[in-house]
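Please read the structure below before turning to the comments.
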Amino acid sequence: MTARLLPVASARESRAWLAAELRARAGSAAFTLVAGLLAAGAAIVPAYALGLLVDRIRAGGDAPAILTPAVAIVAAAVVGGAATGVSGYLISRLGSRILADLRERTVETALRLPALVLDRAGRGDLLARVSADVTAIEKAVSDVLPGMISALLLAALSLAAMLGIDWRLGLAGAVAVPLYVVALRWYLPRAAPSYAAERVAIAARSQLFVEGMQGIRTVHTYHLEDRHLAGIEDASARARDISVRVFAFYTRFVGRINRAELAGLASVLVVGFLLARHGAVTVGEVSAAALLFHRLFNPVIILMVTFDKAQDAGASLARLVGVLGMDPEQRGGEQGDAEHRDAEHRGAEQRDAGHRGGGTPPDGRELVLADVTFGYDGGDPVLRGVSLTVRPGELVALVGATGAGKTTAASIAAGILRPDRGAATVGGVPVTELPARTIAIVSQETHVFTGPLAEDLRLARPEASTDEVAAALDRVGALTWASQLPDGLDTVVGDGGHQLTAAQAQQLALARVVLLDPRVVVLDEATAEAGSAGARDLEQAAAAALEGRTALVVAHRLTQAAAADRVIVMDQGAIVESGTHHDLVTAGGRYAQLWAAWSARGSAA
């Protein structure tokens, strides 16, 4: 299945986010602007002073008359240098703080996204956003943004100063403005999509690299090294070709900017000559205007050079802001929200009725899926009108062929997905509004975090004591092997540490459930990776962890379904059978067929 990349914010959304961040830091932004204006103002003083110097020399001025402009030039240089340094520091500090918040909020949002969303988008896309994209913005903040803002302020004040000398000289210099605009209008529509495409190509390359590293053993086993390297090389070539194309656009863009500068300076000199000839302005004023316009060459070039990098940073910013705009709950459309609100209203009515004596308050451990329908990304429904109830303390097993909808139903029950229609509740309360420790889910893919084994378990309950950690391991039958590790419960596990087997990793996940002590537990094929040798031990561990809890289990191994209080059989997104193991086997229906096939396979093994 083709990966569906995470969303990218529009230019308007990115600007709105940036404006909101600046408003939140209005004091720092204002102080930074004042420092920038002071630096830009000091930079245009020498041009005025040189124009005054020219007029005084032509008028036969003496040494004291020349001394004043010279002192003004020196003072402006000192003040301008200090203000430029302060302005650059303040801009970098403000930008770095905004970027730090953006990075933290992006990671926070990504960590709250359902695993299914990240699986479809690919880890490489997210990795590129929090690494390459953040790096691009960070470089822009430290190297590009200070010079860009200073250049903008200097350009604005220089044009204002030219208009102040004589409005006709200002208009003459403004001849370059439409030429700049034409150059930008030619460049932007070509460069912006290319920068966005470059970031996507980098993300695709990262995805291929991550997949190769995560599956390195499989790659070596089937000798797929050349195939993976070829894929990474192709992705790198695409990114390189896009970069070359963007640079070609940029080179032509600079040529258009140079022509605009030539036209502007020529206009100032011609108009200045005509005005000075008729006595409308002095030679010194014309010299000052020409110097001011020439003073714009460097800022404009800086703007153009930094604009190229700012485009790159803008594309990266849009990708990060796009993640911020995602709904961590990945809820359905408007219809799903309306159904959810209806369910909340009904649940509130039930609770109110119980408090008024009109009924029994709902038990806080009863799990209910009521007429749930769900389809991924607006496609065909994966679940169709699924309704089930797991009574307090009951263990219910979901079974069925691959694609029957078991995992989707479990994800909705755990609050990871939100139904398009219907509702999932515990004790009459929507699962998405329950406290974090109410429901726990253990999936087939269990990650072991790098660090001491005891700290891995304390992810479920950070305040747990060593004795409580040991008790949780003992309950799921893992204390024996955990105590025999080189450093016992302090042994570093995960990447770079002691490698645990699939069964041991699942036992850790079940021990976390014991520490968390939730009311409801959802197991999504949590014993599927144990293999025949460890299957019985892992099923016993699961049974111990679930004891006394409301549990919904997606049973890959039918021996686990046989031990459940009740079995629900799903087929093509609907419930087709429900009952005890004995009753369903006796009935001779779909479950009986699955059990017969399972038993035959076990006998053959």
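The values are calculated or read from the model by the stated rules, or taken from the named source; none is laboratory data. The model shown is predicted, which means the values in this text are computed figures rather than measured ones. Every residue, glycine as well, gets a Cβ built from its backbone with ideal geometry; the counts of neighbours run over all protein chains shown. Note: areas computed on protein heavy atoms with side chains; ligands, DNA, RNA excluded. Shrake-Rupley method; radii C 1.70, N 1.55, O 1.52, S 1.80 Å.
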Determine whether Ala509 is within 31 Å of the chain's Cα centre (by Cα), within 14 Å of Ser443 (Cα to Cα) and at pLDDT below 90. yes
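Name the one entry in Leu127, Leu111 that is modelled with pLDDT under 75, open to solvent by 60 Å² or more (accessible area, probe 1.4 Å) and more than 24 Å from Thr408 (Cα to Cα). Please lay out each step first, then the result.
Values: Leu111 fails: more than 24 Å from Thr408 (Cα to Cα).
None of the others qualify; the one that does is Leu127.
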Matching residues, the range 38-59, being open to solvent by 60 Å² or more (accessible area, probe 1.4 Å) and within 20 Å of Gly80 (Cα to Cα): Leu38, Tyr48, Leu50, Leu52
Among Ala11, Ala35, Ala24, Ala20, the single one that is closer than 30 Å to Pro193 by Cα, modelled with pLDDT of 85 or more and either open to solvent by 30 Å² or more (accessible area, probe 1.4 Å) or among the small types (Gly, Ala, Ser) (or both) is Ala20
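Please list, ordered by residue number, the helices (runs of 4 or more DSSP H) wholly in the range 403-497 having 3 or more residues that are closer than 25 Å to Arg536 by Cβ and open to solvent by less than 20 Å² (accessible area, probe 1.4 Å).
453-457, 466-475
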What are the pairs with Cβ atoms under 9 angstrom where one residue, in the range 165-185, is open to solvent by 70 Å² or more (accessible area, probe 1.4 Å) and the other, located anywhere, is of a type in the set (D, E, K, R)? Sequence gap at least six, or different chains. Leu179/Arg256; Leu179/Arg259; Leu179/Glu261; Val182/Arg256
Matching residues in the range 60-90 - criterion: being open to solvent by less than 70 Å² (accessible area, probe 1.4 Å) and outside any helix (DSSP H, G or I): Gly60, Gly61
So Val520 passes all but one of these: (1) modelled with pLDDT under 90; (2) buried (at least 20 other Cβ atoms within 10 Å of the Cβ). Which condition number does it fail? (1)
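Out of the range 564-598, which residues are of a type in the set (Gly, Ala, Ser) and free of Cβ contacts under 8 Å to residues at least 40 places away in the same chain? Step through it out loud before you land on a result.
Here is the first cut: in the range 564-598, the ones of a type in the set (Gly, Ala, Ser) are 564, 573-574, 578-579, 587-589, 592, 596-597.
Across the range 564-598, the qualifying residues are Gly579, Ala587, Gly588, Gly589, Ala592, Ala596, Ala597.
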Answer with yes or no whether Leu417 is modelled with pLDDT under 85 and out of contact with any Cys (no Cβ under 6 Å at 6 or more places or on another chain). yes
Members of the range 577-605 that are open to solvent by 80 Å² or more (accessible area, probe 1.4 Å) and β-branched (Val, Ile, Thr): Thr586
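When you scan the range 470-493, do you find a residue that is among the polar types (S, T, N, Q) and within 18 Å of Ala545 (Cβ to Cβ), even just one? Let's see the steps before the verdict.
To start, the set of residues in the range 470-493 that are among the polar types (S, T, N, Q) comprises 480, 483-484, 491.
Subsequent filtering for residues that are within 18 Å of Ala545 (Cβ to Cβ) retains 480.
Yes, the range 470-493 contains a residue that is among the polar types (S, T, N, Q) and within 18 Å of Ala545 (Cβ to Cβ).
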